[in-house]
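First up is the structure itself, then whatever we jot down about it.
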Amino acid sequence: MLALTITRLQLQELLRRRLFLVLLLLTVVVIALTTWGFSRIPSLGEGQARPISDVQRAAVASQLLILVMFMFSFVLAFSAVFAAAPAISAEVESGTTLAMLARPITRLEYVVGKWLGLVATVLIYAIPAASIQMVLVQIVVGYSPPHPLEFLAFVIGEAIVVLTLSLLLSTRFAGMVGGVSGLILWGLAWMGGIVGGVGLVFDNATLTHVGTASKLILPTDGLWRGAVWSLEPATLIAAARAAGVAAAANPFFAADPPEALYVVWCVLWILFVLAIAVWSFTRKEL
Amino acid sequence: MIDAPAIRTQELAKRYGSITALAGLTMTIPRGDIFGFLGPNGAGKTTAVKLLLGLTPPTAGHAEVLGAAIGDRDALRRVGYLPELFRYQSWLSAREVLALHCELAGLDRAAWQREIEDALAIVGLADRGSGRVGTFSKGMQQRLGLGVALLGAPDLVVLDEPTSALDPVGRHDVREIIRGLGERGTTVFLNSHLLSEVEQVCHRVAIVDRGRVVAEGTLDELLGGDTVRIRVTDLDRAAKTGLSRFGQLDDEGEWLVIRGIDTERVPELVADIVRLGGRVHAVEPRHESLEDRFLRLLGQPN
Ligand SMILES: Nc1ncnc2c1ncn2[C@@H]1O[C@H](COP(=O)(O)OP(=O)(O)OP(=O)(O)O)[C@@H](O)[C@H]1O
Ligand SMILES: [Mg+2]
């Protein structure tokens, strides 16, 4: 399979260009800082009449964890976009593809190989980084999120969604264009999720539809809500439920996991966009 | 398949919007030929190569490479290609680039090592094999590109301006490499505007201009005949016209240029001029170079 040759090459490039090294160093710094922050939670309320309860501690820890993980998911999506946006366009511009694609390798293999390399990059970075963060939070505050595996799947899914979109843009546009558009679309989808939530709160059908449409067109925010849900303790969800729909607009809260059908939609979305990328590159004149 | 010509095209055409890059190329290049594809800038040489390798789809027409349709995987396995404007992965070493292309070409893994070292030696990069491509000079990159094109002893080697970045020694080396390929029976398709280079190595050439072949044939056919320049005085116009039976006549005032003349007939020509009352001051026979022919074909004054 020549696609795997391209995958290996892509990983080798990111390694040699020191993307992994930089991510590793920065992540170590971030994890160290946030772990120190978490370690202060148990001492909250010290010196006051009432020390904080276990429920409060879990609530604070989960909220903080969600914020930290939001930053993590942002960095992950950001890195994925910037690794994918020039992945094909830079090789076309430099003429590297002329020599490579005159070999018996199909454009399908080339694009799929690139995609696999980028997905592997996301997995290699995200799984250890997020796991270490969750384990350290468990050690210092004693809070472990209820669905850690689901959490990983949702944030990784979110990154793969933007990565696939950026790779599609990379078949036609310069890296800069793909990178900027990928991020803007990601931000729009995040806002779309909030708009949809506002629609729910005020029972406004138009806003709700906008939210639903944006969740379907670019399923990053839908997956992010799944990630949030995976980090919340049951007590917090119960309390929010009791409060009604008011929390729906909050991008750092989700009362329910995404439906199975939505997850299927996300997988299909990724495959569909990848197929368009292959089609687009197959018709590209080199 | 083995008897099929190396390249056969039929009315192969390519348009980019309103620009006609190639206007209908019909040619057959037999196996083992060293074929020069000549033309001025923008004539469509690179476009033709990209069409043949399936890098760009044709607008019209048809072509076969090594007896198979364009883009056929088995055929591509037996083609080596040096693009005109290219860079290899700057973060790989020269050896790694060669290994990558061994892999992409589907060469037997056991043969890689030898192929790579041979290629490095042939293009004169044996001592820079471990160097990163990003640190290579332009000429070194082109040498590496040539090495890549030679991997696995392909049946057809397509070289798009292989010497554009090379020093005179490099150019000489490339000519030797091309001759070596010819001796091995490899077909070479050489894009170039370095006419002397083409003249030295190619069996056959085609000259393209604005997307059309304006002349094609062996060098002898193309350069049919020699030229002689004669400085003559005291010869009237009518007498000069009478000389056109020796070849194509060009009156440049004092100098008379006769193209396509058989050199054996030069004494006869001089005798005629003298008989007609002309005074001959100088006779300069000249073998027509490809450059003369090229400029003549493209309608530029020599
Ligand atoms: N991708 C493209 N888009 C638009 N026009 C193109 C493209 N590629 C080539 N052309 C046009 O096609 C014509 C032929 O170009 P080509 O590169 O084949 O010329 P060439 O004979 O290789 O020239 P040179 O000797 O300068 O390398 C030119 O007019 C060029 O501008
Ligand atoms: Mg060219």
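Overview of values
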{"read-out": "Where B:ARG31 falls short, out of the listed (1) within 14 Å of another protein chain (Cβ to nearest Cβ); (2) under 22 Å from A:ARG103 (Cα atoms)", "value": "(1)"}
{"read-out": "Hits in the stretch B:37-48 (condition: away from chain A (no Cβ under 14 Å) and either under 12 Å from A:GLU285 (Cβ atoms) or touching an Asp or Glu at 6+ places or on another chain (Cβ under 8 Å) (or both))", "value": "B:GLY39, B:PRO40, B:ALA43, B:LYS45"}
{"read-out": "Positions within the stretch B:80-95 being within 7 Å of another protein chain (Cβ to nearest Cβ) and either assigned to a helix (DSSP H, G or I) or surrounded by 24 or more Cβ atoms within 10 Å (Cβ to Cβ) (or both), in sequence order", "value": "B:TYR81, B:PRO83, B:TYR88"}
{"read-out": "Residue count, the stretch A:240-252 (criterion: closer than 10 Å to A:GLY197 by Cβ, over 16 Å from the mean Cα position of the chain (by Cα) and at pLDDT 75 or above)", "value": "1"}
{"read-out": "Selection count, the stretch B:105-132, where residues are at the interface with chain A (Cβ under 10 Å from one of its Cβ atoms) and not in a strand (DSSP E or B)", "value": "2"}
{"read-out": "Failed item, numbered, when A:ARG18 is tested on (1) out of contact with any Phe, Trp or Tyr (no Cβ under 9 Å at 6 or more places or on another chain); (2) surrounded by 15 or more Cβ atoms within 10 Å (Cβ to Cβ); (3) of a type in the set (Lys, Arg)", "value": "(2)"}
{"read-out": "Some residue of the stretch A:144-160 being away from chain B (no Cβ under 14 Å) and farther than 30 Å from A:THR212 by Cα", "value": "yes"}
{"read-out": "Test: residue in the stretch B:96-104 that is outside any helix (DSSP H, G or I) and either β-branched (Val, Ile, Thr) or modelled with pLDDT under 95 (or both)", "value": "no"}
{"read-out": "So B:PRO162, is it away from ligand 1 (no atom under 16 Å from the Cβ), within 14 Å of another protein chain (Cβ to nearest Cβ) and either of a type outside the set (Ser, Thr, Tyr) or part of a strand (DSSP E or B) (or both)", "value": "no"}
{"read-out": "Enumerated helices (runs of 4 or more DSSP H) restricted to the stretch B:194-302, each holding at least 1 residues that are hydroxyl-bearing (Ser, Thr, Tyr) and free of Cβ contacts under 8 Å to residues at least 12 places away in the same chain", "value": "B:237-242"}
{"read-out": "Counted residues, the stretch A:62-73 - those being in contact with a Phe, Trp or Tyr (Cβ under 9 Å, 6 or more places away or on another chain), at pLDDT 85 or above and surrounded by 17 or more Cβ atoms within 10 Å (Cβ to Cβ)", "value": "7"}
{"read-out": "Sole exception among (1) surrounded by 15 or more Cβ atoms within 10 Å (Cβ to Cβ); (2) modelled with pLDDT of 85 or more for B:LYS240, by number", "value": "(2)"}
{"read-out": "Residue selected from the stretch A:80-103 under the condition in contact (Cβ under 8 Å) with a residue 12 or more places away in the chain and surrounded by fewer than 21 Cβ atoms within 10 Å (Cβ to Cβ), by the criterion nearest to A:TRP186 (Cα to Cα)", "value": "A:PHE82"}
{"read-out": "Residue in the stretch B:54-65 that is assigned to a loop (DSSP other than H, G, I, E, B), within 16 Å of ligand 2 (Cβ to nearest atom) and under 23 Å from B:GLY145 (Cα atoms) present", "value": "yes"}
{"read-out": "Residue in the stretch A:69-89 that is within 30 Å of B:ARG77 (Cα to Cα) and out of contact with any Leu (no Cβ under 9 Å at 6 or more places or on another chain) present", "value": "yes"}
{"read-out": "Any hit, the stretch B:14-22, residues being more than 14 Å from chain A (Cβ to nearest Cβ) and away from ligand 1 (no atom under 16 Å from the Cβ)", "value": "no"}
{"read-out": "Neighbours by Cβ (under 9 Å, 6+ apart or cross-chain): first from the stretch A:122-149, farther than 13 Å from A:ARG40 by Cα and modelled with pLDDT under 95; second of a type in the set (Phe, Trp, Tyr) and surrounded by fewer than 17 Cβ atoms within 10 Å (Cβ to Cβ)", "value": "A:ILE124/A:PHE20; A:TYR125/A:PHE20"}
{"read-out": "Unique match (being within 16 Å of ligand 1 (Cβ to nearest atom) and at pLDDT 85 or above) among B:GLY217, B:GLY211, B:GLY278", "value": "B:GLY211"}
{"read-out": "Residue satisfying all of: in the stretch B:49-71; more than 14 Å from chain A (Cβ to nearest Cβ) and small (Gly, Ala, Ser); surrounded by the fewest Cβ atoms within 10 Å (Cβ to Cβ) among these", "value": "B:ALA60"}
{"read-out": "Evaluation of B:GLY32 against (1) assigned to a strand (DSSP E or B); (2) surrounded by 15 or more Cβ atoms within 10 Å (Cβ to Cβ); (3) on the phi > 0 side of the Ramachandran plot (one fails), failing number", "value": "(1)"}
{"read-out": "Hits in the stretch A:249-286 - residues which are touching a Pro at 6+ places or on another chain (Cβ under 8 Å) and more than 14 Å from chain B (Cβ to nearest Cβ)", "value": "A:TYR262, A:TRP265, A:CYS266, A:TRP269"}
{"read-out": "Positions within the stretch B:165-206 being within 15 Å of ligand 2 (Cβ to nearest atom), more than 14 Å from chain A (Cβ to nearest Cβ) and in contact with a Gly (Cβ under 6 Å, 6 or more places away or on another chain), in sequence order", "value": "B:LEU190, B:VAL198"}
{"read-out": "Qualifying residue in the stretch B:73-82 (condition: within 16 Å of ligand 2 (Cβ to nearest atom) and modelled with pLDDT of 95 or more)", "value": "yes"}
{"read-out": "Residue count, the stretch A:83-107 (criterion: at the interface with chain B (Cβ under 7 Å from one of its Cβ atoms), among the small types (Gly, Ala, Ser) and in a loop (DSSP other than H, G, I, E, B))", "value": "2"}
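The values are calculated or read from the model by the stated rules, or taken from the named source; none is laboratory data. Just so you know, these numbers come straight off a predicted model, no measurement behind them. Cβ coordinates were reconstructed from backbone atoms using ideal geometry, including for glycine residues, and neighbour counts include every protein chain displayed.
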